[in-house]
Structure formats: structure tokens, C-alpha cells
Amino acid sequence: MKKFLFSDTLWGALLTLSALFFYLTGSGIETLELKFYDLRANLRSEAVPGQDIAIIEIDDESVSRIGRWPWPRSRMAEMLVFLSTPTARPSAIGLNVLFSEPEKNADLDLAGRVAWKYSELRDAKKIRETTKGSEFLEFLDRARSEADNDAKLGRAIGDAGNVVLPLFFGVGEVLSKPEPEPGWLSALAAPVSQAQGGLDIPYEGASVTAPVEVLGSSAAGAGHVNVFSDVDGAVRKESPFIPYNDSYYPSFAVELVRVHLGLPTSDTLLKPGEFFSVGKRTVRMDASSSLLISFSESRSYKYYSFYDVLNGKVVPDAFKGKIVLIGPTAQGVGSLYVTPVGKNLPAVEFTANVVDSVLRS
């Protein structure tokens, strides 16, 4: 019976009859085709998704116990330090939070202002020191270092060596040459094989919002988290690459697969309108350089609460060798998407589905 449900004969007949009906009635056939895709997606959805993906969610309980979001970035650093231990060591870590501005830190700002004022008074000889070096300024330097959460997170990202960060492209008509991307980001652009007839990707980056330098330059990879919906508002496809300033940048999910496989950027190849490859793995795309996502049932991946992980309530080897995604699911925090398998799919689980689709290709 199941084999008959997926047979080309049945679906061909249904589509033909439906097309005839919508043609005669003047209704939109595009929406109908999308609904048929949704039906098939639900029938094919995996009851047991890939076991090499784990999600650490910033859930309501974590926000309640740790404090109001956004948290100090030292919390993320603590998580990365834990995941970097030999017993927990994942193959790749996707930190699905875009830190595009330096952290606002009152303690760091105060220590900086005090150091500046003290130096001014000392230079004006209104303060006299009896030692060659300034013990007070050394104390302030240590205080600033302890309060600099961006530096802590940057060190944790660098020490882990397998962290992928998100970035976002503003897309639209490019009327003038966009601002240059950071040097660390341009090093992550994918090699491109010229397709016959040119590079037909419907979206082009007009601006880029990237992680701050201290974080981005420490990461093993970075990829865009742009999501494009169909006419009915649902998301069914991934754009694995977006062009920006004559370079082609992979998505967050594609970068996670690359880091998971332990490959350099040069081992990612794009042939627009046909396929992209990550090492020996080739993934077919449609003519618009999009990838149809094979969704699993909602919340079928293994979820762990951020608070529980950070407080030793989860055994470290739960993450050993896996792709670990860290992202918000708490109410009012993060993005939610309408997909064929659910109306409120968190961005972190959306990424898990795309990663799974690439790995199963």
C-alpha cells in the first residue's frame, strides 16, 4: 500500500486531474503544487532523523534559570569550553546566534574610563607613584581582561577549532558595489565552476551583517542564515550559496557539513544551477541553485537544555563526534518558520534539517 502511495502513476494522475481542474476554474496552480509537495513531505518525513546531530536549546527553562536574554557572552564561552573537553568533543559546533556588535559591558567600560582618567592625572603629576610600573593600572588591565566577554568567547571559539558562526546578507537589487567583507570572511568563499549560460542564482547580497572581528576571525567557518519562503509563506528550500562582491558564500548548514567532515574551504565547489560538492559528497540543486529540504518530524532530533548541559545534568559523551547546534527556542527569542512538517519550527531545528538533507544526499 505504501509503495502505491509513492508510485509515479498515482501522483501523475492526481497532478493531471488537479491541473485540469485549476486550469478550468482559473485558480492558482502554483499553490496546489506546493501543497502536494507538503503532503509528500509529511508522508516521507523521517521518524528517526540522523543520529549525528544534537541540539542544545536556549529554552524557557534556561532563560528562567540563567537570566534574561541576551546573556553575557561568557556563558557561551563556558559552553564551548565544556564541549571542547575530550569526553564531549563534537565534530562541529554551530553557534546559531549572530553577534554582530561588541557586547555592551558596563564593567568593561567603567574600567576603561578609570584607567584613562588615572593616566591623565598621573601625566599631569596630580598623582605621584613611587614604583616604576603602575600597580593600579596593572590591576585595571586585569579587571578589563576579566570583564571582556567578547575576548573570552573569541578564545573559546579559537580553542575549540570547530565552531561555525552565522552571518546574514541583505539581498535585493545591487545598485552599487557593496561594502567589502572582512578579510577573514573572504577567505571562506567557495570555489565556483562556471556554468554554461552564466551564474543563475536569484539572490544577490547587497549588504552583509557578520560576527564581530574577534569572534569571526577565530571561527572554523561562517555561513549565511538567509531563509526564503514560497508564495504561501512556507519554507521548503535552502539557498546553499549566496553571491556577494563577486564571491559565493555557503550557508550555515553547508559550512557545518564541511567542518564536520574536516575539510578545508577549497574542498567545497559550486556549479550554479546544477550541484555543489563538499569533498566527495555531491548534492544536486534545481535550476535556481536551491536545495529541496527533506524534513523530519518536528522535534525529532535529540534536544538538550542549555542550562542542563552547563550544570552537569547531561553526560558529555552525548555530544561526542556529533554536529552540535546551539540556538534559541525560548518564547519570543529567535526565528520560527512555517514548513511542511510544522508551523513554528525554530531556526536551530531548521538548520538541523538542512544539515541532515545534505548528509543524506
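Any read-out appearing in this document is the output of simple, stated calculations on the displayed coordinates, not a laboratory observation. Note that this is a predicted model, so its numbers are computed, not measured. Reconstructed Cβ throughout: ideal geometry from the backbone, glycine too, with neighbour counts over all protein chains shown.
Quick look at the numbers
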item	result
Using a Förster distance of 35 Å, the FRET efficiency for SER298-LYS320 (Cβ separation, nearest 0.05)	0.85
Zone of ILE66's modelled label, taken as backbone nitrogen in region 326-361 under 15 Å from a point 7 Å along Cα→Cβ	326-331, 333-334, 348
Extension gain (nm, one decimal) between LEU336 and SER247, 0.36 nm per residue minus Cα-Cα	29.1 nm
Calculated FRET value between VAL81 and ARG128, using beta carbons and R₀ = 45 Å, to 0.05	0.60
Chain lengthening between VAL174 and ALA187 when straightened (0.36 nm per residue, less Cα-Cα)	2.5 nm
